[in-house]
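The values are calculated or read from the model by the stated rules, or taken from the named source; none is laboratory data. Quantities reported herein were computed from a predicted structural model and do not represent experimental measurements. Here Cβ is always computed from backbone atoms with ideal geometry, including for glycine, and neighbour counts include all displayed protein chains. Ligands, DNA and RNA are excluded from the accessible area calculation, which covers all protein heavy atoms including side chains. Shrake-Rupley method; radii C 1.70, N 1.55, O 1.52, S 1.80 Å.
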Amino acid sequence: MSTKAFAHIGTILVILLAVFSAIAVAQDMSKDPLSAEVEAGNLPPLSERLPNNPLVVGPGLLMPEEALPDWEPGQHGGTLRTAFTSAFGFSGELFVMNVEPIIAAPDIDVEGFYGNVAESFEVNDDATVFSFTLRDGLKWSDGTAVTTADVAFVFDDLYNNAEYGAFPNKFKSASGTPAELTIVDDYTFSLSFDVPSGGILRDLAVSGWTSYNDLIKPLHYLGDYHPGHADADELAAKLEAEGLSAAEWPILFNNKDCPRFHILREKCIGLPQLSPWVVTELSESGTIMQRNPYYWKVDTEGNQLPYVDTLVAQVFGDGEMVNLGAIAGDIDFLYGTQYSNFPLYKENEESGNYVTIPLILHADPTALYMQTCNNDPAYVAVADDVRFRRGLSHAIDREEIIDVIYLGLGSVPTWIPAEFDPDLANELLDDMGMDQRDGDGYRMSPAGEAFTLYIEVAPVRPDMIPVTELIVDHLGTFADIRAELRQEDPNVKNERIANNETQASIHWIQSYQWRPGMNQEYATSSQWCASWRAWLDTGGASGTEPPAKVKRLYEILVARKATVPYSEEDLALVDELFSLHYDNVWILPMIENVLRPTIFSADFGNVASGGTQMGASRAGEQFFYRTMQ
């Protein structure tokens, strides 16, 4: 073959290579929602912004396939609009969509863990050593590499620094001993505990809506506010400008830090983060978040997530204005809805271009807490008798409450004796000695004294007052128990509970359906005999001593710090905890399996039709608009 022929073939190959290269570049750019910024020279290409092994989001990962059976790759673009009622307020929707824990599981479960911010993790046989490997090439939202130096910064310079504060209980073992951090290399680290501590997996995945920043903070940014890393003169100047002394550097640091519940505050603008979107603007009209250019998830076709460009939380004057905005089609996503408005939402779906999907609420919205830690011996003599608490429970017609207040979107609780049985209620009350009536026909105490059950409620949700009114009516009608509703400011109510001044109160409680998840509220809490919890948390140094059965609830809570979620040992402890509640009826829930109306744009793809509302919301990076706005 002639030299010219070789040259000709070579030219063709060069042209073909150029064509294929151009196609590859075009395909790569099509997966990049910020390709225009790349072409303008403002950002590096997508291949340099993603980690070497990004998390691939597909069917069944963020939500179980039965909850989202029609998952599909989406397209980039659009602005998601939600709503809240006050400027510079807290948008639950925006918050939940930006929660990114170290490890995760589908929905908000604690079964089927996978590496999230961490690419992978391992647990040794006795659950005392937990090893994590960060994603090689993972970057903060400003393009700086994330390494184990960011982990050591948190553990060594903050948690193990008495100047900063006490070591967090989250990273203590069941014995109360702090975990030890070992840095293996730039991407691998381990947490070691003195005793089995499998519960740390739950705490790193979901407890308290945990996010990565409990364990990883941007050293290159926040180090400028820490005396162990900052230039001494520059830090001194910053402290002086804030009117702080050298010893008060933790105040300055915390004013600059952006923990998970602060991500919608002005101080977080510009702070490097790992969430899908970052706050860019706060104003009287609302909050704006823009996509994180260095977000570390892709779909099954290699498209960088999130699909939606911008999140906007619009300020509406009040709840009624939010409803009007929804039915007018001005809201694309809303989970802060009211049950009573479900018919309104359904009637206006077509005109508002949205769908209303009832999803499981992670908390049962109303429960009657019996505060048997009360300071009044006469009240305790009545309320501490389990027959009294059982009698109250059987005198409450929960089906009426569920139908009238919650429009049938739930079921009668199963973790206490909750069947409506007035005959049994009266039998129990008679047996305990409340068989005498006063002049108005109400039961007197076993000591022959007039008796009134005062139920305190702070209407932080609109369903709480009408539910309490029905409870008062049922107790009087079906059990001859005089009950009285006392409406209070939330702070006043909480203070009275803490001071053992409350007889009974209304608040929500974590959903029973989530029983292997968090159970903090079932072992006393700020809403149930807070002084008992103070005694338990401090080993008797403060608070009031609880009875033995309540101590056992707390022992179960501590024991679950040792067990891996869904292990046989863990499930046995969960069963024991709820068995104690069934037998003792300290808390009377009104409803379980609660479905809360959730509004999504009718144009959205990858919207769950089942599962929990929080899980579906937390998967916001996979929402996409089928039709560009």
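Can you name the residue in the stretch 444-463 that is assigned to a strand (DSSP E or B) and in contact with a Lys or Arg (Cβ under 6 Å, 6 or more places away or on another chain) and is also surrounded by the fewest Cβ atoms within 10 Å (Cβ to Cβ) among such residues? Result: TYR454. Note on the stretch 159-171: residues that are crowded, with 17+ Cβ neighbours inside 10 Å and without any contact (Cβ under 8 Å) to a residue 12 or more places away in the chain amount to 1.
Among the residues making up the stretch 287-301, those that are assigned to a loop (DSSP other than H, G, I, E, B), out of contact with any Leu (no Cβ under 6 Å at 6 or more places or on another chain) and open to solvent by 10 Å² or more (accessible area, probe 1.4 Å) are TYR294, THR300, GLU301.
Candidates are the residues of the stretch 552-585 that are within 23 Å of PHE388 (Cβ to Cβ) and out of contact with any helix residue (DSSP H, G or I) (no Cβ under 7 Å at 6 or more places or on another chain); the one that is surrounded by the most Cβ atoms within 10 Å (Cβ to Cβ) is PHE578. Candidates in the stretch 464-499 are the residues that are of a type in the set (S, T, N, Q) and open to solvent by 10 Å² or more (accessible area, probe 1.4 Å); of these, the one that is farthest from MET434 (Cα to Cα) is ASN491.
For the stretch 73-118, filtered to residues that are acidic (Asp, Glu) and farther than 23 Å from LEU50 by Cα, the residue that is most open to solvent (accessible area, probe 1.4 Å) is GLU111. Among the residues of the stretch 590-598, is there at least one that is open to solvent by 10 Å² or more (accessible area, probe 1.4 Å) and assigned to a loop (DSSP other than H, G, I, E, B)? Within the stretch 590-598, one or more residues are open to solvent by 10 Å² or more (accessible area, probe 1.4 Å) and assigned to a loop (DSSP other than H, G, I, E, B).
For the stretch 405-443, a residue qualifies if it is open to solvent by less than 50 Å² (accessible area, probe 1.4 Å) and of a type in the set (Lys, Arg), and exactly one does: ARG443. Somewhere in the stretch 348-361, is a residue surrounded by fewer than 16 Cβ atoms within 10 Å (Cβ to Cβ) and without any contact (Cβ under 8 Å) to a residue 40 or more places away in the chain? Within the stretch 348-361 (the criterion being surrounded by fewer than 16 Cβ atoms within 10 Å (Cβ to Cβ) and without any contact (Cβ under 8 Å) to a residue 40 or more places away in the chain), the answer is yes, since at least one residue qualifies. Total residues in the stretch 381-409 satisfying the condition of being in contact with an Asp or Glu (Cβ under 8 Å, 6 or more places away or on another chain) and of a type in the set (Phe, Trp, Tyr): the figure is 1. Taking the stretch 313-329 as the range and being in contact with a helix residue (DSSP H, G or I) (Cβ under 8 Å, 6 or more places away or on another chain) and either in contact (Cβ under 8 Å) with a residue 40 or more places away in the chain or open to solvent by 40 Å² or more (accessible area, probe 1.4 Å) (or both) as the test, the residues that pass are ALA313, GLN314, PHE316, ALA326, ALA328. Scanning the stretch 175-182 for any residue that is in contact (Cβ under 8 Å) with a residue 40 or more places away in the chain and either closer than 28 Å to HIS229 by Cα or assigned to a loop (DSSP other than H, G, I, E, B) (or both) turns up nothing. For the stretch 465-477, the criterion of being at pLDDT 95 or above, part of a helix (DSSP H, G or I), farther than 24 Å from LEU424 by Cβ and within 26 Å of the chain's Cα centre (by Cα) is met by at least one residue.
Listed here are the residues, each with its yes/no results for (1) within 22 Å of ARG49 (Cα to Cα); (2) at pLDDT 95 or above.
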residue: GLY137; (1), (2): yes, yes
residue: ASP156; (1), (2): no, yes
residue: ASN169; (1), (2): no, no
residue: THR182; (1), (2): no, yes
residue: PHE189; (1), (2): no, yes
residue: GLY199; (1), (2): no, no
